[in-house]
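The values are calculated or read from the model by the stated rules, or taken from the named source; none is laboratory data. It should be emphasised that the depicted structure is a prediction, and the values quoted were computed from it without experimental measurement. Note: ideal-geometry Cβ built from the backbone for every residue, glycine included; neighbour counts use all protein chains shown. When the accessible area is computed, the model is the full protein with side chains, heavy atoms only, and any ligands, DNA or RNA have been set aside. Shrake-Rupley method; radii C 1.70, N 1.55, O 1.52, S 1.80 Å.
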Amino acid sequence: MYLKSIHVQHYKSLDNVSVDFAPDVTVVVGPNGVGKSNFVDVLRFLRDAVTDDLEHAVTKREGIQRLLQTYKTKPYKIGIRCDFAESDGLDSASYALHLTSVGSGGYRVENETYQACLDSLGGGYIDKDFRWSRDAKGRIQIINSGRTSLGLPLISTLHLNESYAPDAIALTEMPPTGSTRNGADGYIGKDIAAWSHCTIYPNTLKKPALPDRNSKLMESGDNWASIIKSMKRSPKGRDALERIYDAMRAVLPTFEEVSIQTVGSYLVPLFKFQVEGEKSLASFDPVQLSDGTLRLFGILLAAYQLPRPKLLVIEEPEQTIYPGALAVLADVFKEVGRSTQVLITTHSPHLVQFFDPSQIRVTVMQDGMTQIRPIHSHQMEAVNEGLLSLEEFMITEGLRPEDTELTAP
């Protein structure tokens, strides 16, 4: 399932924000300081809560008070709801979590709900609705309902006396819903755990790396040498590396490959380039390369990493990268978006121009609160009719979100 939409209440600068996602690539556009990173952190927070635990996710962000939206009448609740759908739209699921601030720094789960609507399950059923909810005392109620092929209703309700801790979520422990129409597991906890974030910067890639057995690329890229070495061992990994190399050659035609050298207890990637008039390749370690070259490779590695994440989030991929290379990155994001949902944040008109207006979400700050909406219908219409491009709008008057007044210049 892909992430169809998310609704956030009272999280940092997000007061009451709903964002619809494209099934392939969604581009969140806005200048610095309007809350793009806060929005991305909501996704990271959910991922951390599922893969580690809720207490870790809250503590990692310096406590519940740091997460609560800040304004005069400071709220005491945070709400997050995610809606999911299959690409064909026949199966859907939703998950909601509400946290309440308690005392001077404590919190508890106020409620938590999960619902999956599954179609054409087989076995005599033509649809099924699976729901569970957890209250503030941690008690779970499960409801199974559906219709048989004869149209007869089937409803079963199960109340569980077992209580979950106030600072723990039930999503990681509740049983799956069963098989969906196409045989996939209907449990979206695994999908959230498979979300990946990329905040790779050149300074990290220039440091010698210790061997790491983690099969997933770390958000910072610290284990990138181990990931490259692991990819070389399998046909799928070598194919993914060749895609990375092809994209690198589109920007740097003399680039050939990356090898991994062991130096003492460290792994050092060596970038190899053709040299005119010489048969052998020239090798450069990361400290000898430009920041733009390193970051381009790091983003490509995140895009083609194995196993592929369900959702890949990349913040401001244009940083340190030559604008002429952004077309290559945009093509990569579109290709990867066929199998992995991609979310990009950016303030670059040079990158935005490569995407469809329907994929753009405009971020603004109004009265100290972040708002994220589609492009204003007038600007969208102008782009679709070829009157102005997204790049030209950003450079001249800026992209405007829907539900705002447009004034003549």
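Results, tabulated for the structure shown:
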{"item": "Solvent accessible area, Å² - R108, 1.4 Å probe, full protein context", "result": "80 Å²"}
{"item": "Simple spin-label estimate for E257 and K190 in nanometres, 7 Å along Cα-Cβ", "result": "3.4 nm"}
{"item": "Accessible area in square angstrom per residue, the chain, 1.4 angstrom probe", "result": "47 Å²"}
{"item": "Label-point gap, in nm, between E391 and R243 - each point 7 angstrom along Cα→Cβ", "result": "2.6 nm"}
{"item": "Accessible carbon and sulfur surface of the chain relative to its total accessible area, %, 1.4 Å", "result": "50 percent"}
{"item": "Amide proton proximity set for L312, modelled H, under 5 Å, gap of 5+", "result": "S196, Q341, V342, L343"}
{"item": "Two-site label geometry, S234 and I143: point separation in nm, points 7 Å out along Cα→Cβ", "result": "4.1 nm"}
{"item": "Relative contact order (%) - the chain, alpha-carbon pairs under 8 angstrom, separation at least six", "result": "17 percent"}
{"item": "For the stretch 1-75: rounded, prolate or oblate by the Cα gyration tensor [a/c cutoff 1.5]", "result": "oblate"}
{"item": "Mean Cβ count within 10 Å, highest first, over the residues of peptides 37-44, 244-251", "result": "37-44, 244-251"}
{"item": "Three-way shape label, the stretch 264-348, alpha-carbon gyration tensor, a/c 1.5", "result": "prolate"}
{"item": "Per-residue SASA entry for T199, accessible area with 1.4 Å probe, Å² rounded to 10", "result": "40 Å²"}
{"item": "Members of K60/K236; K4/K229; K77/K207; K137/K190; K36/K236 lying beyond 32 Å, as alpha-carbon distances in this model show", "result": "K60/K236; K4/K229; K77/K207; K36/K236"}
{"item": "DSSP-loop trypsin sites (Lys or Arg not before Pro) across the stretch 258-352, with at most 13 other Cβ within 10 angstrom", "result": "K279, R338"}
{"item": "Under 11 Å, Cβ to Cβ, from M369 - net charge with Lys/Arg +1 and Asp/Glu -1", "result": "-1"}
{"item": "Rounded accessible area of F130 (nearest 10 Å², 1.4 Å probe)", "result": "10 Å²"}
{"item": "By accessible area with a 1.4 Å probe, ligands and nucleic acids excluded, highest first: order of F354, F333", "result": "F354, F333"}
{"item": "Range in the chain, longest, excluding exposed GluC sites (Glu not before Pro) [loop by DSSP; at most 12 other beta-carbon atoms within 10 Å]", "result": "63-172"}
{"item": "Area projected by the alpha carbon convex hull of the chain, averaged over all directions, nm²", "result": "25.3 nm²"}
